[in-house]
Protein chains: 4
Amino acid sequence: MQIGMVGLGKMGGKMAERLRRGGHDVVGYDRDPAVSDVSSLKELMERLQEPRAVWVMVPSGPPTHATIEELGNLMSPGDILVDGGNSHYVDDQRHGAYLGTKQIGFVDCGVSGGVWGLQNGYALMVGGSKENVDRMMPVFDTLKPEQDGFVHAGEIGAGHFAKMVHNGIEYGMMQSFAEGWELLEASDIVTDVPGAFKSWRTGTVIRSWLLDLLVRALDEDPALEELEGYAQDSGEGRWTVQAAVDHAVPLPVITAALYARFASRQDDSPAMKVVAALRNQFGGHAVTS
Amino acid sequence: MQIGMVGLGKMGGKMAERLRRGGHDVVGYDRDPAVSDVSSLKELMERLQEPRAVWVMVPSGPPTHATIEELGNLMSPGDILVDGGNSHYVDDQRHGAYLGTKQIGFVDCGVSGGVWGLQNGYALMVGGSKENVDRMMPVFDTLKPEQDGFVHAGEIGAGHFAKMVHNGIEYGMMQSFAEGWELLEASDIVTDVPGAFKSWRTGTVIRSWLLDLLVRALDEDPALEELEGYAQDSGEGRWTVQAAVDHAVPLPVITAALYARFASRQDDSPAMKVVAALRNQFGGHAVTS
Amino acid sequence: MQIGMVGLGKMGGKMAERLRRGGHDVVGYDRDPAVSDVSSLKELMERLQEPRAVWVMVPSGPPTHATIEELGNLMSPGDILVDGGNSHYVDDQRHGAYLGTKQIGFVDCGVSGGVWGLQNGYALMVGGSKENVDRMMPVFDTLKPEQDGFVHAGEIGAGHFAKMVHNGIEYGMMQSFAEGWELLEASDIVTDVPGAFKSWRTGTVIRSWLLDLLVRALDEDPALEELEGYAQDSGEGRWTVQAAVDHAVPLPVITAALYARFASRQDDSPAMKVVAALRNQFGGHAVTS
Amino acid sequence: MQIGMVGLGKMGGKMAERLRRGGHDVVGYDRDPAVSDVSSLKELMERLQEPRAVWVMVPSGPPTHATIEELGNLMSPGDILVDGGNSHYVDDQRHGAYLGTKQIGFVDCGVSGGVWGLQNGYALMVGGSKENVDRMMPVFDTLKPEQDGFVHAGEIGAGHFAKMVHNGIEYGMMQSFAEGWELLEASDIVTDVPGAFKSWRTGTVIRSWLLDLLVRALDEDPALEELEGYAQDSGEGRWTVQAAVDHAVPLPVITAALYARFASRQDDSPAMKVVAALRNQFGGHAVTS
């Protein structure tokens, strides 16, 4: 089918390529004219046949919001828009309502797969009405891996909610491996730490793609000496914790993983200054209460 | 090679079978005469040619301790004993020292693989001197999976230490999936929760054997209605946390996963009684300090 | 000075009483005519001399929001409104902006003290412009305890933000005592647990009002047998965690205390069903990946 | 009564002084001849009348162990020894058994109070037989504060167990204040952070000696700029967590407080290197599984 792809960066560009290889007619727009098929969103609209289908693949937050707002003004009743970025599910609900007033269909789609997606397919979690999801199914079928890798998770927002939880689980799993590695390194009893991780790749309970990645990292740098213990967080981890607090769901592991990232970005722990201050006071003079 | 297998339960029995299929001469002993090749450890010793190799596969703690003590009195200088159970690495160090005084070699071996090991091989993490590990290598080669699945992790205790950390990581990973599931269920936005998990099996960062198992469990019981939220802990989780505390290593995720299991076994949280008591007091009468 | 008090419940009623004892002219309004001096907010406005001062003391969320909206329509430029409830600081900022468009002053005020406040004074944390805070100072001076117990914390929202953090700290402290008690009860080494808590009231690092309350609770029910391990959360704990996530501040202890309350309200842990399901699968049949 | 005091450091010296002021006949021994009344433990034994009472106040672990062992050889049946240091309750049980074989009585005593104890009294938590505790009661009565501050917690080990839990609670409370401070500092909404803490000293739920100390620290250094976010841990925190793990008691808050201290002593988080490594791998080349 014909589809407009808005945003041809690391993700959007490769997804457009996979769609073309799958026989779709992709018209791409990007702010960078070097990779763009058209010079503006307006021109993109003119190039697409009605009813149009547009896939938005730009950074979440203000860029996605501005793009959807502009497209809302350019698209026509009966068109459909897919947000394939990392939007917050709460934003999806706003965007769906906004487009709905203009009779433009909306589907939110969480995408996983990174740089391997072009070759192996992208896992897709989508939210929206059955009608709209069905309409986009030819595109989803081309993007997704050969088996599994697709769910129609629920109404608008459900796709990004599912992707958000996926990332929350990812935080917990990464931190699990990280803590195991730290303990092995801290003790001198295991002298072949990379070998231990490698041994776990087959026949164990924890075999996983993350373990494969870690083994590869340890192959390149066996004691991780080239790296700083510093990690950004991408938003989904925070949203997961906030959704949990909203729903009164205890999430100790995922939250601990998020907090470990927060702490990794501090040169010095502010909280620990208070602990140090209190410990100093223990040794001091009488406090009159 | 010839090997005596002590303990022919769910694990030991299948390992003996895999060794036999691999061409080894296995003489098995178990307290249950129905499965035992000999009637006593003493008879086992008589059946094995010196220098003997014995694999102990009995429950950790007192049973392993008693078995190793008895075998220490029956074996001869130059023999070798492998503890393939789930022993604490601290016990290994004691057992190694005890057997060392009798010039009996000792190797500790953490084994992963469960019921699939017979067919696919058992992941093995071993600790001991190079000489002793080399001597047992024909047995390890038969037991382990075709690729990976083996590490000589360090000196005595290193095998079980590595296995302990493996299990600690497993606790964290299981809890990560568990928390993600709870959040998806608590929100009504994702209406196909089992479908979300299934979609993650391909192309995502969290694809793993544990995810495969969870998808299978959800296939059988989509809302896990047949299950109670109750989990035992096997010892390795506790030892992991205790080793971390000994080494001043912060282990927030693995510890949270362990504590979640502790809490799951309480009908009512004792700590929360105190919180409830304090909240009641807020509404009460003046406290004279 | 003259002040209108909206909401004469457990908190508002006693605060009105303390203000009257302090010489202020308080006109009270409550939905319950039995305790109300006037029959409507409109009548309250008529009874107060301009420029009016009104203290709103109703439940946070929709009730406070509706009350402030209605008062905004009834009050005049130059009047001032204090929200002394447990509002979210984000709501304060909205309310301040709304009233600002009508030239009505706004101060948010977090209040601590509970049932002892009438006698001992209420700790007050206020947010707003210096001019508005100064204007209400006679009322704050009467309400607060003789020493300390008052801070002008910052601009609008700062009062409730400070109160929110106070409650977050309270969660952590309560849980600290709770965990200590659970450990003492779980071990049989300390046979006089209430006596241990009592001994800590003097000369120790942890002496505190919460400890005094706990000792009193243990006097009444030495093993807390009359209580269920169940605790509500009031909103401030959740807001504290959400503010921390917004600011990338790791808050492990306060969050753990909040999650312990969430968990205490679950009959059965949903997450633990997943752990149980995975453990069941370990013992099952081969999974084809 | 007559008592030998072994160890005249910061704690022992002041306790000896408080005992003398209370009318007791204290003979002190310290490795430092400048403060010692006798030149050796042997001479101390000669100076004390049988049945002797000796209070050991030396660092926990090997120093306490060595001192008790030596005293065990010098003391006579019917004598009594009190360990007032910070010993692990497990060591108490060993020491009690050792002295018991020599018919020497043993009492373990957790002591709180620090530098204020001389003036205000020391909170004492003791473990041992009723007979032995009663015998030392005149000394306990002099050392303890005027009211509360004493518990006979149980048999040998119970005193140090109670003190250990006291310190665990202290960790949680300190971290609660610390997290609250960090959040207030991270947000710019509260502009008078020291003022907020000061306001909480009266009329609030969190009023406590620790809060008083923190207010004093903030008086001296309002943004804690002179301090590094670094905190040692003294042993009791670790023992508390280990005891909890032994008893399957979930201790999320106290453990988080302990881990925050561990992390504060790391220049760079080893675990976070793994997270960083994994995140790097996401952007890399295909992994063949």
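The values are calculated or read from the model by the stated rules, or taken from the named source; none is laboratory data. All figures in this text were calculated on a predicted structure; none of them were measured in a lab. For neighbour counting, all protein chains shown are included, and Cβ atoms are generated from backbone atoms with ideal geometry for every residue, glycine included. Side chains are part of the model used for accessible areas, which takes the heavy atoms of the whole protein and leaves out ligands, DNA and RNA. Shrake-Rupley method; radii C 1.70, N 1.55, O 1.52, S 1.80 Å.
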Legend entry - Within region A:69-175, GluC sites (Glu not before Pro) in DSSP loop having at most 10 other beta-carbon neighbours inside 10 Å: A:146
Legend entry - Longest to shortest principal axis, alpha-carbon extents of region A:63-119, angstrom: 37, 22, 17
Legend entry - Distance between region A:16-49 and region A:221-276 - C-alpha centres, whole angstrom: 39 Å
Legend entry - Inter-label distance for residue B:50 and residue A:134, nm, one decimal - labels placed 7 Å from Cα along Cα-to-Cβ: 8.2 nm
Legend entry - Residue order for C:50, A:43 - accessible surface, 1.4 angstrom probe, largest first: C:50, A:43
Legend entry - For region C:112-166 and region C:172-208, distance of Cα centres in Å: 32 Å
Legend entry - Residues of region C:200-228 with amide N under 19 Å of the 7 Å Cα→Cβ point at residue B:280: C:210-228
Inset, instruction - Note down the accessible area of residue A:189, probe 1.4 Å, to the nearest 10 Å². - result: 20 Å²
Legend entry - Average beta-carbon neighbours from other chains, 10 Å sphere, peptide C:211-219: 5
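Taking a probe of 1.4 Å and counting only protein heavy atoms, give the total accessible area buried between chains D and C in Å², rounded to the nearest 100.
On the way: alone 16310 and 16350 Å², together 27070 Å².
The contact between C and D buries close to 5600 Å².
Which net charge results when you count Lys and Arg as +1 and Asp and Glu as -1 among the other residues whose beta-carbon is under 14 Å from that of residue B:136?
On the way: positive: B:52, B:130, B:135, B:144; negative: B:79, B:83, B:108, B:131, B:134, B:141.
Every neighbour counted, the sum reads -2.
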Legend entry - Accessible area (Å², per residue) of chain A, counting only protein heavy atoms and a probe of 1.4 Å: 36 Å²
Inset, instruction - Determine the share of chain A's accessible area contributed by carbon and sulfur atoms, expressed in whole percent, with a 1.4 angstrom probe. - result: 47 percent
Legend entry - Helix D:270-282 axis, angle to chain D major axis (alpha carbon atoms, nearest 10°): 20 degrees
Legend entry - Calculated label separations, residue A:138, copies of the chain, 7 Å along the beta-carbon direction, nm: 6.5, 7.8, 10.1
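Net charge near residue A:89, counting Lys/Arg +1 and Asp/Glu -1 over other residues with Cβ under 11 Å of its Cβ?
Working: positive: A:94, A:163; negative: A:83, A:91, A:92, A:108, A:155, A:236.
Net charge around residue A:89: -4.
Within 10 Å of each Cβ in D:115-123, how many Cβ atoms from other chains are there, averaged over the peptide? Could you put the intermediate results ahead of the total?
Numbers: counts 5, 6, 1, 0, 1, 3, 2, 3, 9.
Mean number of neighbouring Cβ atoms from other chains: 3.
How high is the FRET efficiency between residue C:10 and residue A:246 when r is their beta carbon distance and R₀ equals 25 Å, given to the nearest 0.05? Before the final figure, lay out each step's value.
Details: r = 28 Å, r/R0 = 1.11.
E between residue C:10 and residue A:246, to the nearest 0.05, is 0.35.
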Legend entry - Residue of B:117, B:180, B:105 that the Gaussian network model of chain B assigns the largest fluctuation, springs spanning Cα pairs under 10 Å: B:180
Legend entry - chain D: most fluctuating residue of D:143, D:258, D:211 per GNM, C-alpha cutoff 10 Å: D:211
Legend entry - Degrees between helix C:236-246 axis and first principal axis of chain C (Cα, 0 to 90, nearest 10): 80 degrees
Inset, instruction - Treating the angle as unsigned and between 0 and 90°, give the value, to the nearest 10°, between the Cα long axis of helix A:130-143 and the longest Cα principal axis of chain A. - result: 70 degrees
Legend entry - Cross-link reach list, lysines versus residue B:102, counting only Cα pairs under 24 Å and skipping chain neighbours closer than eight places: B:42, B:130
Legend entry - Peptide B:229-242 - average C-beta neighbours from other chains (10 Å radius): 4
Legend entry - Overall dimensions of chain A as given by Cα atoms, namely Rg and Dmax in Å: 23.4, 82
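So which chymotrypsin sites (Phe, Trp or Tyr not before Pro) in region D:213-265 end up in coil per DSSP with only 13 or fewer other C-beta atoms within 10 Å?
On the way: sites: D:230, D:239, D:259, D:262; in loops: D:230.
Passing sites in region D:213-265 do not exist.
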Legend entry - Sparsely packed trypsin sites (Lys or Arg not before Pro) within region B:217-273, loop by DSSP, other Cβ within 10 Å at most 14: B:265
